[in-house]
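Enquirer: Please read through the structure below; I'll follow up with questions.
The values are calculated or read from the model by the stated rules, or taken from the named source; none is laboratory data. In this text the structure is predicted, and so the values were computed from the model without any measurement. Virtual Cβ from ideal backbone geometry, glycine too; neighbours counted across all protein chains shown.
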């Protein structure tokens, strides 16, 4: 998606360790008008797959998932990290490795809010190793829900998460796929 | 706000320990169409205060803050909990006590995205002891920004956070204030 590629070129930064910093518009300070354009693109891509719920992971996926859910007219559900007092009873749980926090983290979703018959569109801001998405997809399967699509704003094409999802047969749409990035240059995969 | 009170009565639950469970529509599974109504109410209340940015705290405040930011046509900024690799350089930081996680947590905001001249509208889903809001207000002050208002969906009126903010002179608008709650009954403060 050219709009997002241009924004990454203009306002993104590459830090040592292949960290793509987009915290001025995507995952810290969030440009809601940009998210609306991204949500529209997800709508065009996934409307025919008739999702019933938008599923994401806290924290940085929530804003994009909320704006996407608004476009679809659907509820948004976010997996929580680790234990919270405020969820009782039956839980779906999936352990992932968090590269941000450098430790294992449990994703949890209350069994009350996801079930058989749900058609899940997974939305996240970032896809690198794919651990967070693996976790929420695992949770959707525990719920006997169907994952009808996965929409991601920025995919790091040089890390394995995206390929794993495509190999597993998921309909993955990444709005910008970064092939290569260093401090002077960001190269996107051709659309 | 009657719409929100009615929804809390209909779909909320009170758990032992005065935990108000609204995770079916506000802070786990999120009813975006409800959030749009809440955002409209914040807009009517705070538009004249001319905010330049909507500030919240991860994770459960983000969806409401995003939809509110959309209504105002403003960017949304969320304070992160604890350390993340993806923020470099200057940070504002405030230590709060998290009742959810039962430990001290640092809230951080990149100094790049908040500064003097900003007029901050703080938005959060919940106000109880007020620790999270104290932290983000502290951060706004570190940035020499002005806090023009605080908008909260649900306030627990029997805990001290709301009164502290009012006593400190902040323009606080809580859309539903719960005076008393037990397993059989939820009583709201008169508007």
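Enquirer: Condition first: in contact with a helix residue (DSSP H, G or I) (Cβ under 7 Å, 6 or more places away or on another chain) and buried (at least 24 other Cβ atoms within 10 Å of the Cβ). Can you find one or more residues in region B:82-94 that meet it?
Expert: no
Enquirer: Let me ask something additional. Of all residues in region B:17-28 being part of a loop (DSSP other than H, G, I, E, B), facing another protein chain (nearest Cβ under 10 Å) and at negative phi, which is surrounded by the fewest Cβ atoms within 10 Å (Cβ to Cβ)?
Expert: Among residues in region B:17-28 that are part of a loop (DSSP other than H, G, I, E, B), facing another protein chain (nearest Cβ under 10 Å) and at negative phi, the one surrounded by the fewest Cβ atoms within 10 Å (Cβ to Cβ) is B:24.
Enquirer: Which condition from (1) within 10 Å of chain B (Cβ to nearest Cβ); (2) more than 18 Å from residue B:22 (Cα to Cα) is the one that residue A:110 breaks?
Expert: With (1) within 10 Å of chain B (Cβ to nearest Cβ); (2) more than 18 Å from residue B:22 (Cα to Cα) applied to residue A:110, the lone miss is (2).
Enquirer: Next question, about the same structure. Scan region A:117-136 and tell me whether some residue there is farther than 29 Å from residue A:18 by Cα and out of contact with any helix residue (DSSP H, G or I) (no Cβ under 9 Å at 6 or more places or on another chain).
Expert: yes
Enquirer: Quick check, is residue A:97 under 15 Å from the mean Cα position of the chain (by Cα), touching a residue at least 12 places away in the same chain (Cβ under 8 Å) and more than 9 Å from every other protein chain (Cβ to nearest Cβ)?
Expert: no
Enquirer: Another question, if that's okay. Name the residues in region B:138-159 that are in contact with a helix residue (DSSP H, G or I) (Cβ under 8 Å, 6 or more places away or on another chain) and more than 13 Å from chain A (Cβ to nearest Cβ), would you?
Expert: Those that are in contact with a helix residue (DSSP H, G or I) (Cβ under 8 Å, 6 or more places away or on another chain) and more than 13 Å from chain A (Cβ to nearest Cβ): B:146, B:147, B:148, B:149, B:150, B:151, B:152, B:153, B:155.
Enquirer: Can you say whether residue B:147 is within 15 Å of the chain's Cα centre (by Cα), assigned to a strand (DSSP E or B) and either closer than 22 Å to residue B:38 by Cβ or touching a residue at least 24 places away in the same chain (Cβ under 8 Å) (or both), as far as the supplied structure shows?
Expert: yes
Enquirer: For region A:29-40, which residues satisfy the criterion of being more than 10 Å from chain B (Cβ to nearest Cβ) and crowded, with 19+ Cβ neighbours inside 10 Å?
Expert: Of everything in region A:29-40, those that are more than 10 Å from chain B (Cβ to nearest Cβ) and crowded, with 19+ Cβ neighbours inside 10 Å turn out to be A:38, A:39.
Enquirer: Residue B:129 passes all but one of (1) part of a loop (DSSP other than H, G, I, E, B); (2) within 13 Å of chain A (Cβ to nearest Cβ); which number fails?
Expert: Of the numbered conditions (1) part of a loop (DSSP other than H, G, I, E, B); (2) within 13 Å of chain A (Cβ to nearest Cβ), the odd one out for residue B:129 is (2).
Enquirer: Identify, by number, the condition in (1) at pLDDT below 95; (2) in contact with a helix residue (DSSP H, G or I) (Cβ under 6 Å, 6 or more places away or on another chain); (3) part of a loop (DSSP other than H, G, I, E, B) that residue B:97 doesn't meet.
Expert: Of everything listed in (1) at pLDDT below 95; (2) in contact with a helix residue (DSSP H, G or I) (Cβ under 6 Å, 6 or more places away or on another chain); (3) part of a loop (DSSP other than H, G, I, E, B), residue B:97 misses just condition (3).
Enquirer: For region A:119-136, check the following and say yes or no: at least one residue is at pLDDT 95 or above and more than 14 Å from the chain's Cα centre (by Cα).
Expert: Within region A:119-136 (the criterion being at pLDDT 95 or above and more than 14 Å from the chain's Cα centre (by Cα)), the answer is yes, since at least one residue qualifies.
Enquirer: Oh, and also: Of all the residues that make up region B:54-77, how many are more than 7 Å from chain A (Cβ to nearest Cβ) and either modelled with pLDDT under 95 or crowded, with 24+ Cβ neighbours inside 10 Å (or both)?
Expert: 9
Enquirer: Right, another one. Anything in region A:164-179 that is outside any loop (DSSP other than H, G, I, E, B) and under 15 Å from the mean Cα position of the chain (by Cα)? List them, or say none.
Expert: A:164, A:165, A:166, A:172, A:173, A:174, A:175, A:176, A:177
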